[in-house]
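Below is one structure, written out as structure tokens, with a few remarks after it.
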Amino acid sequence: MPTRSKDRFLVFGAPDIGTAEIEEVVDSIQRGWLGTGPKVAAFEEAFRQYKEAGHAVAVNSCTAALHLSMIAAGIAPGDEIIVPAMTFCSTVNAIIHANAVPVLVDVDPTTMNIDPNQVAAKITSKTKGIICVHFAGRACDMDAICKICNRYDLKLIEDCAHAIETEYKGRKTGTFGDFGCFSFYVTKNVITGEGGMVVAAKESDAARIKTLALHGMSKDAWKRFADEGYKHYQVVECGFKYNMMDIQAAIGIHQLKRVEKNWIARKKIWNRYNEAFKHLPCILPSDPASDTRHGYHLYTPLIDIDKTGRSRDWVLDAMTHENIGVGVHYIPVHLHPFYQKEYGWEKGDFPHAEWIGDRTVSLPLSPALTEQDVNDVIAAFTKVLT
Ligand SMILES: Cc1ncc(COP(=O)(O)O)c(C=O)c1O
């Protein structure tokens, strides 16, 4: 059997977890306060400060953050929300869960972000908002998007699942619109296992999201079992069970302290890949725009399928055979059967998203990668594409 590039399988998106996280989780367990509590409050405040945001509310996923943002934005049944065709399904599901209608827009083939030039054509009297997705950590064209939102009086929700460190013209992503939604899923730049955060410009919006995330119970209901004495709560609306646990926040607090260090580590890997792959039959991720800061969440070369004569799926199999875990971000939304059935979308509707979706491969970019891991990924990808 031919030799593989790596002896043991390299898991895609393996997290970087230090002893500080482990000790903090143990501390939560020993104290017996596992659910929402002081560590969640501390993580919210640390994240708010990091993002230079008005308010921050921790939840149990970015999906929950997006859903609650829809509700707090006042999105009503039948309202239309514009969203890029190249995103994770949950961006769109959050719209549907709010009984609103997703309206897809194609992406720019270079940035892979929503193409603002195509947004205006999709605006109708029912359009109430835009969810932009800072794909792979690259900032969307926020000047153009904010201009459209102001002109048509639309709510702006930023899906920042990939974009914790991302900035646009010196301003942090998530703070441009009404809501910024973040993911701390295990493959993300800051992790809590599962977890998410909403940053909100208005205090009243943040307060509503906090209430909605815990059954619709009145403010600070999580304190009802604390040593300050039992506090009655009131249910003020029909909410959800979307709250973050202290065990999750225990991880997040220490992850956030290493956010810069890990960003630098990923940037270094990114640059090594760019250098190593520049002569391979693939299109490298385009350089970040000069007045932005890239989050370096996903490294997504596009396979030149005409030059290689190989499909992207063949490359996925070949990389897996080399013991390198890979990802696909994404098969465009409109090609999934549920959305086709529900909204009548078809192949051919969003050609740029499809072009990317046919060619994209995500290579490991975790700060947990060793020098040897990075060398092995380079060796494997070079072998597979040569
Ligand atoms: C662009 C995007 N939006 C939303 C999500 C949902 O995040 P979560 O898993 O925290 O709900 C993801 C997760 O991968 C994502 O990549």
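The values are calculated or read from the model by the stated rules, or taken from the named source; none is laboratory data. Everything quoted here is computed from the prediction, not taken from an experiment. With ideal geometry, Cβ positions are generated from the backbone for all residues, glycine too; neighbour counts draw on all protein chains shown. SASA here: full protein model, heavy atoms, side chains in, ligands and nucleic acids out. Shrake-Rupley method; radii C 1.70, N 1.55, O 1.52, S 1.80 Å.
Cross-link partners for Lys307 among the aspartates and glutamates, with Cα-Cα distance under 20 Å and sequence neighbours closer than 8 places in the same chain left out: Glu275, Asp317, Glu354, Asp358. Ellipsoid semi-axes for segment 326-386, based on the Cα gyration tensor and the rule √(5λ), read 33, 13, 7 Å when sorted largest first. Working note: Karplus 6.51/-1.76/1.60 with θ = phi - 60° gives segment 113-119 the couplings 9, 3, 8, x, 5, 9, 6 Hz, where Gly and Pro are set to x.
Segment 1-79 and segment 336-385 have Cα centres spaced 24 Å apart. As a length-normalised measure over Cα pairs under 8 Å and 6 or more apart, the relative contact order of segment 235-386 settles at 28 percent.
Round to the nearest 10 and give me the degree value, 0 to 90, for the angle of helix 62-72's Cα axis relative to the longest principal axis of the chain. That works out to roughly 50 degrees.
With a 1.4 Å probe and every protein chain left in place, work out the accessible area per residue of segment 29-125 in Å², rounded to a whole number.
Ligands and nucleic acids excluded, the result is 36 Å² per residue.
Remark: segment 40-56, residue by residue, has Karplus-estimated 3J(HN,Hα) of 5, 4, 5, 5, 4, 5, 5, 5, 4, 5, 4, 7, 6, 9, x, 8, 9 Hz, where x stands for each Gly or Pro and the curve is 6.51 cos²θ - 1.76 cosθ + 1.60 at θ = phi - 60°.
On a per residue basis, segment 235-354 carries 48 Å² of accessible surface, using protein heavy atoms and a 1.4 Å probe. One quarter of the convex hull surface built on the alpha carbon atoms of the chain amounts to 20.0 nm², the projected area averaged over directions.
Convex hull volume of the Cα atoms of segment 265-386, normalised per residue: 132 Å³. Relative to its Kirkwood radius, the Cα radius of gyration of segment 1-107 gives an Rg/Rh of 1.12. A simple packing score, the average count of other Cβ atoms within 10 Å per residue, orders the peptides 20-32, 187-199, 241-253, 206-218 as 187-199, 241-253, 206-218, 20-32, with the highest score first. Protein heavy-atom surface of the chain, 1.4 angstrom probe: 53% of the accessible area is carbon and sulfur, with nucleic acids and ligands not counted. The largest-to-smallest principal axis extents of the Cα set in segment 230-293 are 65, 26, 25 Å. For the chain, the longest principal axis of the Cα atoms and the long axis of helix 203-213 meet at an angle of about 80 degrees.
Tell me the relative contact order for the chain as a rounded percent, counting alpha carbon contacts under 8 Å between residues six or more apart. Worked out over the chain, it gives 23 percent.
Counting only alpha carbon atoms, the long axis of helix 312-321 and the longest principal axis of the chain meet at about 90°.
Using only DSSP helix segments of four residues or longer, with each worth -39500 (n - 2.57), what per-residue ellipticity at 222 nm results for the chain after dividing by its residue count and rounding to 500? Value at 222 nm, helices only, nearest 500: -11500 deg cm²/dmol.
What translational diffusion coefficient, in µm²/s and rounded to a whole number, does the Stokes-Einstein relation yield for segment 84-134 at 4 °C and a viscosity of 1.567 mPa s, taking the hydrodynamic radius as the Kirkwood radius over Cα pairs?
113 µm²/s
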